[in-house]
Amino acid sequence: MIGHFADAAAQARFDDAYARALARLPEPAAVHDVPTAFGRVRVRRFGTDGRVPLLLLPGRSGSTAMWEPNLAAWAAERSVHAVDVLGEAGSSVQERPIRDADDQAAWLAATLSGLGLERAHLVGASFGGWLAVNLALRDTRAIASLSLIDPACVFGRIPVRMVLASLAALPASPEWLRDRMLSWISGGVPVDDEPIARLIATAMREYRLGVPPPAYPRDDALRGLHVPTLALIAGRSRVHHAPRALARARLLPDVQAELWPAASHAISGERAREVNARVLEFVTGVEGR
């Protein structure tokens, strides 16, 4: 299946919501449409620093707009490349089915290559964290480090209650139920009070995903992943059992794994100042080795 909007009106509604969300971001220094075997990947670059850049991978249906609480701080220190995930709502255009985890890694590797990035610090939130790890398990050549912000399906399986709650994300679900689910995931913040949550709700309603379910990595695969990694685990996360996820993160041979007890799955926005500083501290430390 190829990701698509339900119809032209659905795309127009999403485009309007996305334009409003993007208007809240800093002005990008450049915008790239990177060709891959699976479609064109939209990447916006912020900042102009010459050091190893950050490459941002958003959570499900979050697109580049979800990084609004983080972009200015990170772009003030180094170049930041924000990716709209292929097969999800955003500015990227899927042209060929993405069948499995190998295909997911292939389009992301092609994006890094197409941007001319020999090395990048990958920063992934939720399912974006899974995308980063999925590539690293197959090819680490362009990966300077991984910063995983409450990653989904990496260190813990999605609980049954989360699977059931996610049914509210189906396009046929009533809007009030979808909003309630998003609020529950993000620590109780009403969707109407959170522009990013409202954008995600619009994406869920208007777009039909063209991505396969994430493949849960094996223990031995994590033990063999020799990439400097920062893993921030939200203590109030709904996408895994936080203490167990923390313990499994420590299977990685080169990891700084931290439990943030009071944070929800929306940690990147909810605790933006602390997350921004921690990621910059981590990547700077990696480069100083």
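Does at least one position in region 269-289 carry a residue that is of a type in the set (A, V, I, L, M), surrounded by 17 or more Cβ atoms within 10 Å (Cβ to Cβ), at pLDDT 95 or above and out of contact with any helix residue (DSSP H, G or I) (no Cβ under 9 Å at 6 or more places or on another chain)?
yes
Name every residue in region 7-32 that is surrounded by 13 or more Cβ atoms within 10 Å (Cβ to Cβ), touching a residue at least 40 places away in the same chain (Cβ under 8 Å) and among the charged types (D, E, K, R), in order of residue number.
Within region 7-32, Arg13, Arg20 meet the criteria.
Mind checking whether some residue in region 123-141 is closer than 16 Å to Ala249 by Cβ and more than 13 Å from the chain's Cα centre (by Cα)?
For region 123-141, residues closer than 16 Å to Ala249 by Cβ and more than 13 Å from the chain's Cα centre (by Cα): present.
So which residues in region 237-268 are in a loop (DSSP other than H, G, I, E, B), at pLDDT 95 or above and within 22 Å of Ser145 (Cβ to Cβ), if there are any at all?
Scanning region 237-268 gives Arg250, Leu251, Leu252, Pro253, Asp254.
Considering every residue within region 164-185, establish whether at least one is at pLDDT below 95, surrounded by fewer than 21 Cβ atoms within 10 Å (Cβ to Cβ), over 30 Å from Thr284 (Cβ atoms) and touching a strand residue (DSSP E or B) at 6+ places or on another chain (Cβ under 9 Å).
yes
Kindly check whether there is at least one residue in region 210-221 that is surrounded by fewer than 20 Cβ atoms within 10 Å (Cβ to Cβ), touching a Lys or Arg at 6+ places or on another chain (Cβ under 9 Å) and part of a helix (DSSP H, G or I).
The answer is yes, given that some residue of region 210-221 is surrounded by fewer than 20 Cβ atoms within 10 Å (Cβ to Cβ), touching a Lys or Arg at 6+ places or on another chain (Cβ under 9 Å) and part of a helix (DSSP H, G or I).
Give the residue that is nearest to Leu86 (Cα to Cα), with candidates limited to residues of region 24-41 that are not aliphatic (A, V, I, L, M) and not in a strand (DSSP E or B).
Of region 24-41, the ones not aliphatic (A, V, I, L, M) are 24, 26-28, 32-33, 35-36, 38-40.
Then keep just the ones that are not in a strand (DSSP E or B); that gives 24, 26-28, 38.
Working: Arg24: 22, Pro26: 23, Glu27: 22, Pro28: 20, Phe38: 8 Å.
Among those that are not aliphatic (A, V, I, L, M) and not in a strand (DSSP E or B), it is Phe38.
The values are calculated or read from the model by the stated rules, or taken from the named source; none is laboratory data. Computed from a predicted model, the values in this text were never measured in an experiment. Every residue, glycine among them, receives a Cβ derived from its backbone with ideal geometry; neighbour counts consider all protein chains shown.
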